[in-house]
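A.B. asks: To start, I am sharing the structure in question, which I have written as structure tokens.
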Amino acid sequence: MNYLSALISLSKPNIILSVGLTGLTGMVLAKGSFPEINIIFYTLLSLILSAAGAAMVNNLIEKDSDKLMKRLSSRVESLNLIGSVNLTIIASFLITFSLGISFFKINIINFYFTLAAILSYTIYYTLFLKKSSPFGTVLGGIPGALPVLIGFAAINPDLSISFINGVVMFTFMMLWQPPHFWLLAQFLAEDYKNAGFPVMPIVYGKTYTDYLIMIYSLSLIPFSLYFWVIGIASKLYAITALIIGLAFLFSVYKAFKSKKKYKMAFIFSIFYMLILHTTLIIDISVR
């Protein structure tokens with residue numbers, strides 16, 4: 001592993017992809033079409049840098065816990081290569097630069113939402129919620145859902161009545177993240193137990209967690225169809241959202257019945273979110 005690949009690993013590129021895509025969704029919802037390239041560039045650059053910096057801070061805070069989790073061995077190796085001091089400097093630079101872009105190149109509302117996302121992930125979630133309660137991931141979904149509002153505010157800082165569209169997608173992301181994380185916790189329960197995290201399967205058992213996953217997963221479908229109901233997305237989007245939503249439910253049901261296919265359902269949850277956002281972006285942009 002070289003220095004650059006270690007640094008990329010510590011920035012959590014999968015999260016960056018999600019942040020960038022959901023941020024773009026927020027921009028498209030606010031504009032009602034595909035926004036200008038310059039505002040997309042500055043918004044996504046700020047989002048990506050802030051997400052990378054916050055992820056690095058998360059790694060620094062949880063470095064001792066990460067050593068106790070088998071799946072994070074490469075992350076531990078990456079941090080050892082970069083060094084805590086160097087990573088602190090890099091993370092501070094990325095966060096400061098991202099906030100500078102937001103403040104000087106976008107607008108003050110976007111800046112506040114970006115700052116809220118950084119603080120809620122690094123302090124509110126990582127330092128307190130994650131280790132205090134198995135329900136921490138419910139409110140811990142805030143930083144993961146805020147990129148939608150960050151993108152929306154980049155286009156529409158006045159937060160007019162159309163802001164409700166951004167709030168609906170924000171809510172969708174808030175509802176998506178608990179089952180997404182609980183599926184991960186189901187097949188990595190021992191890893192989380194060894195690291196001292198009170199995740200849902202450890203505290204309340206797998207069956208209780210299964211029911212929660214199913215309830216949250218069911219709630220995603222009506223929120224995803226909202227954009228078709230109010231007329232800003234087409235029937236083709238609605239059909240896609242319904243099919244992919246039901247497919248995700250089926251993967252959750254299969255995991256529920258077998259108690260073994262949680263990893264497959266977890267991976268499918270990622271595809272579900274990515275396909276839904278991509279379809280909505282394309283659908284609104286080409287209408």
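A.B. asks: If only Cα atoms are counted, what is the Rg of segment 169-279, and what is its Dmax, in Å?
C.D. replies: Spelled out, the Cα radius of gyration and Dmax of segment 169-279 are 14.7, 49 Å.
A.B. asks: Taking a ≥ b ≥ c as the square roots of the Cα gyration tensor eigenvalues, with a/c under 1.5 meaning rounded and otherwise prolate when a/b beats b/c, else oblate, which class fits segment 1-90?
C.D. replies: prolate
A.B. asks: At q = 0.15, 0.27, 0.30 Å⁻¹, what is the log10 ratio I(q)/I(0) for segment 210-251, with the Debye formula run over Cα points and no solvent?
C.D. replies: Debye curve over Cα of segment 210-251, log10 I(q)/I(0) at q = 0.15, 0.27, 0.30 Å⁻¹: -0.36, -0.87, -0.98.
A.B. asks: How large is ³J(HN,Hα) for each residue in segment 75-86, as worked out from phi by the Karplus curve 6.51 cos²θ - 1.76 cosθ + 1.60 (θ = phi - 60°), to whole Hz, x for Gly and Pro?
C.D. replies: 3J(HN,Hα) across segment 75-86, in whole Hz: 5, 4, 4, 5, 5, 4, 6, 6, x, 4, 5, 4.
A.B. asks: While we're on this one: May I ask you to derive the relative contact order of segment 173-219, considering only C-alpha pairs under 8 Å and at least 6 residues apart, and to give it as an integer percent?
C.D. replies: On the way: 36 pairs, mean separation 21.8, N = 47.
This gives 46 percent for segment 173-219.
A.B. asks: Distance between the C-alpha centers of segment 182-205 and segment 130-159? Whole Å please.
C.D. replies: First find each Cα centre; the distance between them is then 23 Å.
A.B. asks: Sticking with this one: Restricting to DSSP H runs of at least four residues, report the calculated mean residue ellipticity at 222 nm for the chain, -39500 (n - 2.57) per run over all residues, nearest 500 deg cm²/dmol.
C.D. replies: -25500 deg cm²/dmol
A.B. asks: For the chain, just say rounded, prolate or oblate: build the C-alpha gyration tensor, square-root its eigenvalues into a ≥ b ≥ c, call rounded for a/c under 1.5, and beyond that prolate if a/b exceeds b/c, oblate if not. Intermediate results must be reported in sequence, preceding the final value.
C.D. replies: Details: a/c = 1.95, a/b = 1.09, b/c = 1.79.
Note, shape of the chain comes out oblate.
A.B. asks: Note the count of lysine pairs whose C-alpha atoms are less than 27 angstrom apart in segment 1-147, limited to pairs 8 or more residues apart or on different chains.
C.D. replies: Lysine pairs, 8 or more places apart or on different chains, close enough: 13.
A.B. asks: So how exposed is LYS235, as accessible area in Å² (1.4 Å probe, rounded to 10)?
C.D. replies: 140 Å²
A.B. asks: With a ≥ b ≥ c taken as the square roots of the eigenvalues of the C-alpha gyration tensor of segment 49-149, please select rounded if a/c is under 1.5 and otherwise prolate if a/b is larger than b/c or oblate if it is not?
C.D. replies: oblate
A.B. asks: Also: Name the residue from SER102, LEU7, SER285 whose Cα lies farthest towards the positive end of the charge dipole of the chain, charges +1 on Cβ of Lys and Arg and -1 on Cβ of Asp and Glu.
C.D. replies: LEU7
A.B. asks: Of the trypsin sites (Lys or Arg not before Pro) in segment 39-138, which ones lie in a loop per DSSP and count no more than 16 other C-beta atoms within 10 Å?
C.D. replies: Loop-located and lightly packed - LYS67.
A.B. asks: Determine the sum of side-chain charges near GLY205: Lys and Arg each +1, Asp and Glu each -1, restricted to other residues whose C-beta is under 15 angstrom from that of GLY205.
C.D. replies: Local net charge: +1.
A.B. asks: Starting from the Cα coordinates of segment 122-172, work out the convex hull volume and express it per residue in Å³.
C.D. replies: Roughly 74 Å³ of hull volume per residue.
A.B. asks: What number of lysine-lysine pairs in segment 176-287 show an alpha-carbon separation below 21 angstrom, given a sequence spacing of 8 or more or placement on distinct chains?
C.D. replies: 12
A.B. asks: Starting from the residue with the highest accessible area, list HIS277, HIS180 in decreasing order, probe 1.4 Å.
C.D. replies: HIS180, HIS277
A.B. asks: Once you put a point 7 Å from the Cα of MET264 and another 7 Å from the Cα of PHE104, both along the Cβ direction, what distance in nm separates them?
C.D. replies: A separation of 5.2 nm, rounded to one decimal place.
A.B. asks: Using every Cα-Cα pair within segment 91-196, state what percent have a distance larger than 19 Å.
C.D. replies: Cα-Cα pairs in segment 91-196 separated by more than 19 Å: 51 percent.
The values are calculated or read from the model by the stated rules, or taken from the named source; none is laboratory data. Keep in mind it's a predicted model, so treat the numbers as computed, not measured. Quick reminder, even Gly has a Cβ in these numbers, built from the backbone with ideal geometry, and neighbours come from all protein chains shown. Just the protein is used for accessible areas: all its heavy atoms, side chains included, with ligands, DNA and RNA removed. Shrake-Rupley method; radii C 1.70, N 1.55, O 1.52, S 1.80 Å.
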